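Q: Just passing along the structure, written as structure tokens.
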Amino acid sequence: MQHSMNSLSSIYKTNILKQSSLLLFIIVLISCQNKKENIPTMDKTYPFYVGTYTKGDSQGIYKYTLQEDGIIKKTGLAAKAKNPSFLTFSNDKKYLLSVSETNPKGGTGSVESFIINGDSLSLISRSSSGGAHPCFVAVNKLGFVLAANYSSGNVGLLKLNKNGELSDILDIQQHTGKGTTDRQKLPHAHSAWFDFDNLNIISIDLGTNELWLSKLDVEQQKLIPSNPNKITMSPGAGPRHLTFHPNKKWIYVVNELDCTVTLLQKNDTDKFDKGASFSTLPEGYTEPNTCADIHVSADGRFVYASNRGHNSIAIFEVNNNNGSLKIIAHESTKGDGPRNFSLSPNDDFLLVANQLTNNIVAFKRDKKTGLLDFTHQIEAPTPVCILFN
């Protein structure tokens, strides 16, 4: 009898322990779930800088943030600067580079380097761009810097060191010649780009109506003409900017004056040949218009170009077989003078800087169709360049 009572007591204690362990497990599980629920979810945001012209209310370079819902928030003035009309980052994104699009008497415009300190930019150095009214700056993985000087029609070569300091001018590529329109009586270098390998360079000259091709001699720190050294565009085209397709076989050049996009295709000798051109305007549109900027989506399926006058973003679908473009839509920029625009780092949004109406407009991008849907707009003083962090 005593043995039976001991057995029952043992079983009872075992059951109590099991129930206690189960209860403790449930309490711990609920606690963990509550902790997870209490962790605040951080919205994914994308900070960006805005370059401006400072003839009006602007004081320089401003910082904004694009939220996950497509709303833009203004952070404030990041740095005082004079006509910082184009911006870019160093390869490691520690430093921001800006042109100062000026032409002081007896001098040249400049390139400036800034270190990023939270929401502010601190000036590190300032060097001559090698010409008048620099309107574009680019930097490669080795730290070499290109500045396109519009009024003097040349491209300056500099170098950025590891401390963010700019060298003096190392070399100048002077353009010569002219085009066929009133805007093309003199050379006007509008942009300069490092090709896929960071050594081949394409300098776009609206005035001579040509793409100037050169190679960077790293040891001599000079720009050496390639062979061939030019690609001539259609008469009156007025090339301005370009975008590289991710397949590294195609380049799209936006032409400011005749409002077209020209396809460049890599041939068997790794050189680029000029292909067909595609209008950025709706059929039958005859009002004044100039193009400004161009970008391709990360998947290579869509190309976007800005129209000033029609005030729209032209949306093209890319033919995956031959690189040709098909216009599929025009989206109003909800402002006047869309200069530069940019795709967000995740390619979900497209932001446009409307220079003449002082506003930046955000559009949600449908990655399947390429089409744009307005989400928000915000005031900005004479915005002309958008650079995502």
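The values are calculated or read from the model by the stated rules, or taken from the named source; none is laboratory data. The model shown is predicted, which means the values in this text are computed figures rather than measured ones. Quick reminder, even Gly has a Cβ in these numbers, built from the backbone with ideal geometry, and neighbours come from all protein chains shown.
Q: Any residue in the stretch 230-254 that's outside the structural domain of GLN174 (by TED's automatic domain parsing): show its pairings with residues that are part of a loop (DSSP other than H, G, I, E, B) and surrounded by 22 or more Cβ atoms within 10 Å (Cβ to Cβ) at Cβ separation under 7 Å, as long as the two are six or more apart or on different chains.
A: none
Per-residue answers, yes or no, for (1) farther than 24 Å from ASP205 by Cβ; (2) touching a residue at least 40 places away in the same chain (Cβ under 8 Å); (3) assigned by TED's automatic domain parsing to the domain that holds PRO47:
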position: THR108; (1), (2), (3): no, yes, yes
position: SER128; (1), (2), (3): no, yes, yes
position: HIS133; (1), (2), (3): no, no, yes
position: ASN140; (1), (2), (3): no, yes, yes
position: GLY143; (1), (2), (3): yes, yes, yes
position: SER151; (1), (2), (3): no, yes, yes
position: ASN154; (1), (2), (3): no, no, yes
position: GLY164; (1), (2), (3): yes, yes, yes
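Q: Would you say PHE341 is of a type in the set (Phe, Trp, Tyr), within 21 Å of SER191 (Cβ to Cβ) and out of contact with any Lys or Arg (no Cβ under 7 Å at 6 or more places or on another chain)?
A: Answer is yes for this residue.
Q: Give me the residue from the stretch 143-199 that is charged (D, E, K, R) and not in a loop (DSSP other than H, G, I, E, B) and, out of that set, surrounded by the fewest Cβ atoms within 10 Å (Cβ to Cβ).
A: Checked the stretch 143-199; the qualifying residue surrounded by the fewest Cβ atoms within 10 Å (Cβ to Cβ) is ASP182.
Q: One residue is enough: does the stretch 273-289 have a residue meeting the conditions of a type in the set (A, V, I, L, M, F, W, C) and crowded, with 22+ Cβ neighbours inside 10 Å?
A: no
Q: Of the numbered conditions (1) in contact with a Phe, Trp or Tyr (Cβ under 8 Å, 6 or more places away or on another chain); (2) in contact (Cβ under 8 Å) with a residue 24 or more places away in the chain; (3) under 19 Å from ILE72 (Cα atoms), ASP373 satisfies every one except a single condition; which is it?
A: Only one criterion in (1) in contact with a Phe, Trp or Tyr (Cβ under 8 Å, 6 or more places away or on another chain); (2) in contact (Cβ under 8 Å) with a residue 24 or more places away in the chain; (3) under 19 Å from ILE72 (Cα atoms) is unmet by ASP373, namely (2).
Q: Looking only at the stretch 106-142, how many residues end up being under 18 Å from the mean Cα position of the chain (by Cα), farther than 20 Å from CYS385 by Cα and small (Gly, Ala, Ser)?
A: Count: 0.
Q: Give the residues of the stretch 181-230 that are under 15 Å from LEU257 (Cα atoms) and of a type in the set (D, E, K, R), sorted by residue number.
A: Selection gives ASP182, ARG183, LYS185, ASP205, GLU210.
Q: What strands (runs of 3 or more DSSP E) completely inside the stretch 20-129 contain at least 2 residues that are among the polar types (S, T, N, Q), on the phi > 0 side of the Ramachandran plot and at pLDDT 95 or above?
A: Counting at least 2 such residues, we get no strands (runs of 3 or more DSSP E) at all.
Q: Among the listed residues ASP299, ASP348, ASP293, which satisfies the condition of being touching a residue at least 60 places away in the same chain (Cβ under 8 Å) and among the acidic types (Asp, Glu)?
A: Within the list ASP299, ASP348, ASP293, the selection yields ASP299.
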